[in-house]
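S.K.: Mind looking over this structure? Questions follow.
The values are calculated or read from the model by the stated rules, or taken from the named source; none is laboratory data. Bear in mind the structure is a predicted one, so any value in this text is a computation, not a measurement. Heads up, the Cβs are rebuilt from the backbone with ideal geometry, glycines too, and the neighbour counts pull from every protein chain shown. Surface accessibility is based on the protein's heavy atoms, side chains included, excluding ligands, DNA and RNA. Shrake-Rupley method; radii C 1.70, N 1.55, O 1.52, S 1.80 Å.
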Amino acid sequence: MSGQIERYRKVIENIARAEAKAGRSPGSVRLVAVSKTFEAGDIRPVIEAGQRRFGENRVQEAAGKWPALKGEHPDIELHLIGPLQSNKAGEAVALFDVIETVDREKIAAALAAEMRKQGRSPTLFVQVNIGEEPQKAGIAPDRAVDFVRQCRDRHSLSITGLMCIPPAQEDPAPHFTRLAQLAGQCGVESISMGMSGDYETAIAHGATHVRVGSAIFGGR
Ligand SMILES: *Cc1c(COP(=O)(O)O)cnc(C)c1O
């Protein structure tokens, strides 16, 4: 058994345990396996072990490896979890099934135009800059409710989730709590939070999607 399959199974077990501990129903948390920087040869064993939901942070890198893998397994659900430039909106709409990083008016407009043009409707989440870090992408927390409403009213975009990356050096728990509260205020169901170091904490705080990379694929 290759290392990533063992690690993958361990993550699945840990998710199930965290769900049970939090009193959440089995299968209520979805694993997004983050395969950025890894090649098709490293990803394929995890697909063969049953994983169907993957995350990539760069449009260009994903465009190089995923069309072939999706051709082999059409039921794969590919998530964009990295920043999106409006000149890549067309490529992103064509390739991704879920775009988790809608975070400003210009991107919302570009996605809406591409979705009309291509007749494709990826699921959309809004990224929230939950720690209000100047260098980090995402809408400010106190603007999230308005922005989600704007996406709907101005661009007819259906936003179904929120996503965040808490500050690296802080306890993530209060940030996870805040994102879950904001999701309630925004009226969205999906909450994407938690990475290799803190996905169990995120599950305790209501994550519906956890994005786990290195705990499955190894160090980058
Ligand atoms: C890389 C990345 C992850 C996964 O990080 P790990 O610590 O390797 O699990 C999750 N979310 C985003 C947005 C990322 O860029």
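S.K.: Given the condition within 24 Å of Lys136 (Cβ to Cβ), out of contact with any His (no Cβ under 7 Å at 6 or more places or on another chain) and open to solvent by 10 Å² or more (accessible area, probe 1.4 Å), answer yes or no: does some residue in the stretch 6-25 qualify? Walk me through it before giving the result.
M.R.: Initially, the stretch 6-25 is screened for residues within 24 Å of Lys136 (Cβ to Cβ), giving none.
Scanning the stretch 6-25, I find no residue that is within 24 Å of Lys136 (Cβ to Cβ), out of contact with any His (no Cβ under 7 Å at 6 or more places or on another chain) and open to solvent by 10 Å² or more (accessible area, probe 1.4 Å), so the answer is no.
S.K.: Could you list, in sequence order, all residues of the stretch 78-97 that are open to solvent by less than 10 Å² (accessible area, probe 1.4 Å) and among the β-branched types (Val, Ile, Thr)? So that I can check it myself, show each step before the final result.
M.R.: Residues of the stretch 78-97 open to solvent by less than 10 Å² (accessible area, probe 1.4 Å): 78-80, 82, 84, 89, 92-93, 96.
Val93, the sole residue that qualifies.
S.K.: If we keep just the residues of the stretch 148-166 that are free of Cβ contacts under 8 Å to residues at least 40 places away in the same chain and over 14 Å from the mean Cα position of the chain (by Cα), which is farthest from Ser190 (Cα to Cα)? Break it down into steps so the answer makes sense when it comes.
M.R.: The first filter runs over the stretch 148-166 and keeps only residues free of Cβ contacts under 8 Å to residues at least 40 places away in the same chain, leaving 149, 152-153, 158, 160, 162, 164-166.
With the extra rule that they be over 14 Å from the mean Cα position of the chain (by Cα), the set shrinks to 149, 152-153, 158.
Values: Arg149: 16, Arg152: 16, Asp153: 20, Ser158: 12 Å.
So, considering only residues that are free of Cβ contacts under 8 Å to residues at least 40 places away in the same chain and over 14 Å from the mean Cα position of the chain (by Cα), the one farthest from Ser190 (Cα to Cα) is Asp153.
S.K.: Output the residue which, of all residues in the stretch 27-40 that are within 21 Å of Gly219 (Cα to Cα) and small (Gly, Ala, Ser), is farthest from the ligand (Cβ to nearest atom). Show your work before the answer.
M.R.: Within the stretch 27-40, the subset within 21 Å of Gly219 (Cα to Cα) is 31-40.
If we keep only those that are small (Gly, Ala, Ser) too, we end up with 33, 35, 40.
On the way: Ala33: 9, Ser35: 10, Ala40: 18 Å.
Among them, the one singled out is Ala40.
S.K.: If I filter the stretch 41-58 down to residues being under 12 Å from Phe96 (Cα atoms) and open to solvent by less than 10 Å² (accessible area, probe 1.4 Å), which single residue comes out as farthest from the ligand (Cβ to nearest atom)? Can you show your working first?
M.R.: Our first condition is that a residue be under 12 Å from Phe96 (Cα atoms); within the stretch 41-58, this holds for 53-58.
Add one more test, that the residue is open to solvent by less than 10 Å² (accessible area, probe 1.4 Å), and what stays is 54-56.
Numbers: Phe54: 11, Gly55: 7, Glu56: 9 Å.
Filtering the stretch 41-58 for residues that are under 12 Å from Phe96 (Cα atoms) and open to solvent by less than 10 Å² (accessible area, probe 1.4 Å), the one farthest from the ligand (Cβ to nearest atom) comes out as Phe54.
S.K.: Additional query: What are the pairs, 6+ residues apart or on separate chains, where a residue within the stretch 192-220 that is of a type in the set (Phe, Trp, Tyr) has its Cβ under 7 Å from a residue that is within 6 Å of the ligand (Cβ to nearest atom)?
M.R.: These pairs meet every condition: Tyr199/Val212.
S.K.: Another question about this same structure. Check off (1) in contact (Cβ under 8 Å) with a residue 40 or more places away in the chain; (2) within 16 Å of the ligand (Cβ to nearest atom) for Leu84 and give me the number that stays unchecked.
M.R.: (1)
S.K.: Between residues in the stretch 1-26 that are more than 21 Å from Gly41 (Cα to Cα) and without any contact (Cβ under 8 Å) to a residue 60 or more places away in the chain and residues that are surrounded by fewer than 18 Cβ atoms within 10 Å (Cβ to Cβ) and not small (Gly, Ala, Ser), which pairs lie under 7 Å by C-beta distance while being six or more apart or on different chains?
M.R.: Ala16/Pro26
S.K.: Determine which member of the set Asp75, Asp103 is within 16 Å of the ligand (Cβ to nearest atom), open to solvent by 10 Å² or more (accessible area, probe 1.4 Å) and farther than 13 Å from Val59 by Cα. Talk me through it step by step, then tell me what you get.
M.R.: Numbers: Asp75 fails: within 16 Å of the ligand (Cβ to nearest atom).
Step by step, each of Asp75, Asp103 is checked, and only Asp103 is within 16 Å of the ligand (Cβ to nearest atom), open to solvent by 10 Å² or more (accessible area, probe 1.4 Å) and farther than 13 Å from Val59 by Cα.
S.K.: Additional query: Only helices (runs of 4 or more DSSP H) wholly contained in the stretch 106-220 count here; list those with 3 or more residues that are open to solvent by 30 Å² or more (accessible area, probe 1.4 Å) and more than 16 Å from the ligand (Cβ to nearest atom).
M.R.: On the way: elements: 144-155, 173-186, 199-204, 214-217.
Passing ranges, in order: 144-155, 173-186.
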